[in-house]
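To start, the structure itself, in structure tokens.
Any read-out appearing in this document is the output of simple, stated calculations on the displayed coordinates, not a laboratory observation. Keep in mind that what you see is a predicted model, and the values were worked out from it rather than measured. Note that each Cβ is placed from the backbone with ideal geometry, even for glycine, and that neighbours are counted across all protein chains shown.
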Amino acid sequence: MLRKLVSLFLVSGIALLLIASVYPSSQVATVAQATQQSADVIVTQNPVQGKILTDSNGMSLYVFAKDKVGVSNCTDKCATTWPPFTVPDGVTPTGSGDVTATLGTIKRADGTNQITADGIPLYHFSKDTKPGDTNGQGVLGIWFLVDASGNAIVPPPATATPIPTPKPSNGGGYGGGGGMGGGRRKY
């Protein structure tokens, strides 16, 4: 068993040396840069909400109505339920070609770099468990999906169906009269 492990490590090391000798270091650096430059933010077609911003894995991104340009107001428990969409120091967020919002970062109070769309911080929702989930849309009336231009997708106000106003009674039905006359009508 030990011989097989040693052989495996030896073969792996030789393979790495061969790859390194075949590809110049400039190409290796280019591959690393290309990986780092992949889109962090993409536009995804949602069947209900239309075109929305998602991360490169298809997970929906949200904005918090209480945030301001350049400031996240979601910390502690809020940030557990609504994890900030972050990148490591020195990484500039990128977007697919159809993202028209300007992407950037802000430094959060905890020192992490949160991705922004037009300066507004972006978040995931902890109850979105798979790509395409939009369970956070409209939560508490302050959490919203984001369109390609960086705007919150705010649903229109609900239009209440008016309650029908009862029509005044004309005395029809059983008992010969409605209203407050005890069911008797004076002639």
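Using the Cα gyration tensor of region 75-153, with a ≥ b ≥ c the square roots of its eigenvalues, what is the shape: rounded (a/c below 1.5), prolate (a/b larger than b/c) or oblate (neither)?
In terms of gyration-tensor shape, oblate.
Size of the dipole of region 38-145 about the Cα centre, Lys and Arg at +1 and Asp and Glu at -1 on the beta carbon, nothing else charged, in debye to 20?
The calculation lands at about 220 debye.
Could you pull out the trypsin sites (Lys or Arg not before Pro) across region 68-157 that fall in loop regions by DSSP (anything but H, G, I, E, B) with no more than 14 other Cβ atoms inside 10 Å? Display every interim value, and only then the final one.
On the way: sites: K68, K77, K107, R108, K127; in loops: R108, K127.
The qualifying sites are K127.
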